[in-house]
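Contents: one structure, followed by commentary.
The values are calculated or read from the model by the stated rules, or taken from the named source; none is laboratory data. Note that the structure is predicted; figures quoted are calculated from it, not measured. Glycine gets a Cβ as well: all are built from the backbone with ideal geometry, and neighbour counts include every protein chain shown.
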Amino acid sequence: MTERQLHLIGWAIFLGCSGLFIVQSVRARDPWGLAASIFFAVGCVIFLAAMRGGASKG
């Protein structure tokens, strides 16, 4: 596996974990945990989008 593939896998795992944190926060009725989890998920998506965008540049 290339370093780029490992980075993508790592960020995908982070994104999956943020999804689990969102579910846990909803079940616990924890608004602060939910907000933090959503911000974390958005950050992961931004990093993944930047990496995907870099793939098309060469």
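Taking LEU20 as the residue in question, decide whether it is surrounded by 12 or more Cβ atoms within 10 Å (Cβ to Cβ), in a helix (DSSP H, G or I) and not small (Gly, Ala, Ser).
no
Within region 26-42, does at least one residue satisfy the condition of being assigned to a helix (DSSP H, G or I), of a type outside the set (Phe, Trp, Tyr) and touching a residue at least 24 places away in the same chain (Cβ under 8 Å)?
Yes, because at least one residue in region 26-42 is assigned to a helix (DSSP H, G or I), of a type outside the set (Phe, Trp, Tyr) and touching a residue at least 24 places away in the same chain (Cβ under 8 Å).
Among the residues of region 23-51, how many are farther than 26 Å from LEU6 by Cβ and loosely packed, with under 11 Cβ neighbours inside 10 Å?
Total meeting the criteria: 5.
Residue-by-condition table, conditions (1) modelled with pLDDT under 95; (2) of a type in the set (Phe, Trp, Tyr); (3) touching a helix residue (DSSP H, G or I) at 6+ places or on another chain (Cβ under 9 Å):
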| residue | (1), (2), (3) |
| --- | --- |
| LEU6 | yes, no, no |
| GLY10 | yes, no, no |
| CYS17 | no, no, yes |
| GLN24 | no, no, yes |
| ARG29 | no, no, no |
| ALA35 | no, no, yes |
| GLY43 | yes, no, yes |
| ILE46 | yes, no, no |
| LYS57 | yes, no, no |
